[in-house]
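FYI, it's all coordinate maths here, none of it is from the lab. In this text the structure is predicted, and so the values were computed from the model without any measurement. Using ideal geometry, Cβ is built from the backbone for each residue, glycine included, and neighbour counts are taken over all protein chains shown.
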Amino acid sequence: MIDAGELRKGAAIELDGAIYVVLEYQHVKMQQRQPVVKLRLRDVRTGNVAERNFQSGDKVTPVLLEHRPAQYLYSDGDLYYFMDNESYEQIMLTSAQIGEGTNYLKEGQVLEILTSKGETVTVEMPISVQLQVVETEPGFKGDRATAGTKAAKLETGATVQVPLFISTGDTIKVNTRTGEYQEKAG
């Protein structure tokens, strides 16, 4: 058992028989009260997001997640298939288990599969991925009040805002945590 105040973003805990990953962590100090730890949690099996508050001294059960390399193979509707790089077994996850990471999966990509007690619970996306722009409007200079951006559709189907100089066929780096353009690659 660990103190709720020791939790950080990305930590895995067990509550009511379910495994949750901490998405957001906020330590709130209130005047003449005990500090409160506000957590935004995602159930790794169902993908549901919940918010929970804990007193600073409350204890939670940490979950040890094992990391194993795996290669993304393909998707079939709501199901995503991976191959364990060590045992070569095929692993199937739902879009709810992967979360927003489904927007950045590319065939052949190597990721980390997270398992708990022999059960695969989710994948850990790299911080950034390189994806090709398959569709975007040409950028035009003109009168504008803010820095120019435009929508670009990526090879995975995701849409991100990019600077005006990015054109169709360019490869860009995208932050998988925020879903934002980082830089032009290559």
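Key figures
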quantity	calculated
Overall form of the chain per C-alpha gyration tensor (a/c, 1.5; a/b vs b/c)	oblate
Contact order relative to length of the chain, as percent, for alpha carbon pairs under 8 angstrom and 6 or more apart	14
Most fluctuating residue given options ILE166, ILE98, ILE113, as computed from a GNM of the chain linking Cα atoms under 10 Å	ILE166
GNM flexibility winner over the chain from GLN161, GLN32, GLN90 (Cα, springs under 10 Å)	GLN32
Selection of chymotrypsin sites (Phe, Trp or Tyr not before Pro), segment 45-97, meeting DSSP coil and at most 12 other Cβ within 10 Å	TYR88
Residue-by-residue Karplus 3J(HN,Hα) for segment 106-120, coefficients 6.51, -1.76, 1.60, Hz, glycine and proline x	10, 3, x, 5, 9, 10, 9, 8, 9, 10, 9, 6, x, 9, 6
Percent RCO, i.e. relative contact order, over segment 8-89, from Cα pairs under 8 Å lying at least 6 residues apart	21
Candidates ARG52, ARG42, ARG33, ranked by Gaussian network fluctuation over the chain, Cα under 10 Å, top entry	ARG33
Estimated [θ] at 222 nm from DSSP helical runs (n ≥ 4, -39500 (n - 2.57)) normalised by residues in the chain, nearest 500	-500 deg cm²/dmol
